[in-house]
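Down below is the structure, laid out as structure tokens.
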Amino acid sequence: MKNSGAVLSTTALLVLGYALCSSLLAVINKYAVTYFPYPSLLTALQYLTSAGGVHLLGLAGLLHHDALAWDTVKRFLPAALVFYLAIFTNTHLLKHANVDTFIVFRSSTPLLVAIADTFFRRQQFPSRYTLAALLVILGGAIGYVLTDSAFSVTAYSWAAAYLVTITTEMVYIKHMVTNLGLNTWGFVYYNNLLSLAMAPFFWIVTGEYSDVARASWESLFQFQAVFSVALSCVFGLAISFFGFAARKAISATAFTVTGVVNKLLTVIINVLIWDKHASTVGILFLLLTIVGGVLYQQSTAMPKPSSQPSEEEEAEEEEEDEEAGFLKKSSE
């Protein structure tokens with residue numbers, strides 16, 4: 001009885017830790033890019049914290065991750081590049097738009113994933129229930145865009161780029177990494193380490209290095225900038241741990257429900273702490289998009305005649321993995 005109680009307490013703490021990290025992370029990243037407006041450098045610091053954290057925890061014997069191997073690096077590199085581009089566009093989206101706009105576009109990804117699966121992976125056309133859920137998502141997203149008083153071409157250009165890259169990742173990453181034989185922490189380690197190696201190239205391409213060079217030491221190391229960046233890095237690593245640990249401790253359905261609750265908590269927290277959020281009508285359309293995401297997840301979780309999981313279910317599982325920590329900068 002005592003063991004059962006201890007297990008329940010541990011599970012509750014893991015789920016609570018994941019819920020807090022996930023619901024706060026998008027707001028924390030928005031806070032970070034507000035006072036530290038260098039998205040590429042911010043993500044590089046997050047990659048450094050996560051890769052370094054996994055390495056140090058591995059040395060301490062608190063976790064096991066796959067060691068670096070050149071052959072694996074070469075095979076994993078395309079997946080890491082797609083991952084980097086997803087985070088790169090996501091962070092720039094948060095720089096130019098509010099958190100609510102990010103959540104709307106993040107919640108719209110099942111629509112593009114379903115289209116990509118149908119036309120590029122030759123998957124079966126979505127069922128009527130799934131199609132209805134996707135239309136609800138589409139309606140919520142369109143309604144939000146039409147009522148967004150803070151609409152800007154720059155913000156929505158980054159949003160479009162984010163949608164393309166995150167959809168590519170969801171459809172392509174599973175194909176790339178399934179046969180690599182990496183464990184969970186090995187995936188996190190490779191992803192972040194290789195992304196960190198790519199960062200200097202994007203600093204040069206975007207010209208951000210010159211912006212950082214021109215910035216004064218006072219602006220770079222002011223308290224709010226340092227505090228927000230440190231908080232973002234810590235939460236980025238924490239969500240990797242809590243996300244994977246919680247997923248092992250609870251069922252896939254419970255994990256999915258937690259993910260939905262996290263999005264709602266993010267909206268509430270964002271509205272309460274500052275004025276960088278959508279209008280009341282925009283938030284209602286945002287909630288409609290989230291409802292569509294819930295219906296979509298329910299439709300993909302419906303029992304199939306075969307005992308083997310369908311590719312659509314596997315794709316949904318991969319999306320949950322990504323939400324649990326691979327795309328920690330984007331949060332829920």
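Among the residues of region 238-260, the one identified as at pLDDT 70 or above and either more than 20 Å from THR10 (Cα to Cα) or not in a helix (DSSP H, G or I) (or both) is ILE250. Scanning region 221-234 for residues that are of a type in the set (Val, Ile, Thr) and open to solvent by less than 50 Å² (accessible area, probe 1.4 Å) turns up just one, VAL229.
Take the conditions (1) open to solvent by 50 Å² or more (accessible area, probe 1.4 Å); (2) among the charged types (D, E, K, R); (3) in contact (Cβ under 8 Å) with a residue 40 or more places away in the chain; GLU218 misses just one of them, which is (3). For region 65-74, does any single residue satisfy the condition of being touching a Gly at 6+ places or on another chain (Cβ under 7 Å), at pLDDT 80 or above and either open to solvent by less than 20 Å² (accessible area, probe 1.4 Å) or over 23 Å from SER279 (Cβ atoms) (or both)? Within region 65-74 (the criterion being touching a Gly at 6+ places or on another chain (Cβ under 7 Å), at pLDDT 80 or above and either open to solvent by less than 20 Å² (accessible area, probe 1.4 Å) or over 23 Å from SER279 (Cβ atoms) (or both)), the answer is yes, since at least one residue qualifies.
For region 198-215, filtering for residues that are of a type outside the set (A, V, I, L, M), closer than 29 Å to LEU68 by Cα and open to solvent by less than 40 Å² (accessible area, probe 1.4 Å) leaves 1.
Those helices (runs of 4 or more DSSP H) of region 1-109 in which at least 1 residues are over 30 Å from ILE137 (Cα atoms), considering only elements entirely within it, cover 2-35, 39-59, 70-96. Taken together, the criteria exclude VAL99 from residues that are among the aliphatic types (A, V, I, L, M) and either open to solvent by 10 Å² or more (accessible area, probe 1.4 Å) or without any contact (Cβ under 8 Å) to a residue 60 or more places away in the chain (or both).
Restricting LEU134, LEU93 to those that are farther than 30 Å from THR43 by Cα, open to solvent by less than 20 Å² (accessible area, probe 1.4 Å) and within 23 Å of the chain's Cα centre (by Cα) reduces the list to LEU134.
Quick one: in region 153-162, which of the residues that are open to solvent by 40 Å² or more (accessible area, probe 1.4 Å) and in contact (Cβ under 8 Å) with a residue 24 or more places away in the chain is farthest from SER108 (Cα to Cα)? This residue is THR154.
Among the residues of region 176-197, is there at least one that is open to solvent by 70 Å² or more (accessible area, probe 1.4 Å), in a loop (DSSP other than H, G, I, E, B) and closer than 16 Å to ASP66 by Cβ?
yes
Of the numbered criteria (1) more than 25 Å from ALA245 (Cα to Cα); (2) part of a helix (DSSP H, G or I); (3) modelled with pLDDT under 85, the one GLY143 fails is (3).
The values are calculated or read from the model by the stated rules, or taken from the named source; none is laboratory data. Note that this is a predicted model, so its numbers are computed, not measured. Don't worry about glycine lacking a Cβ; one is built from the backbone with ideal geometry, like all the others, and counts go over all protein chains shown. Please note that ligands, DNA and RNA were not included when accessible areas were found on the heavy atoms of the full protein model with its side chains. Shrake-Rupley method; radii C 1.70, N 1.55, O 1.52, S 1.80 Å.
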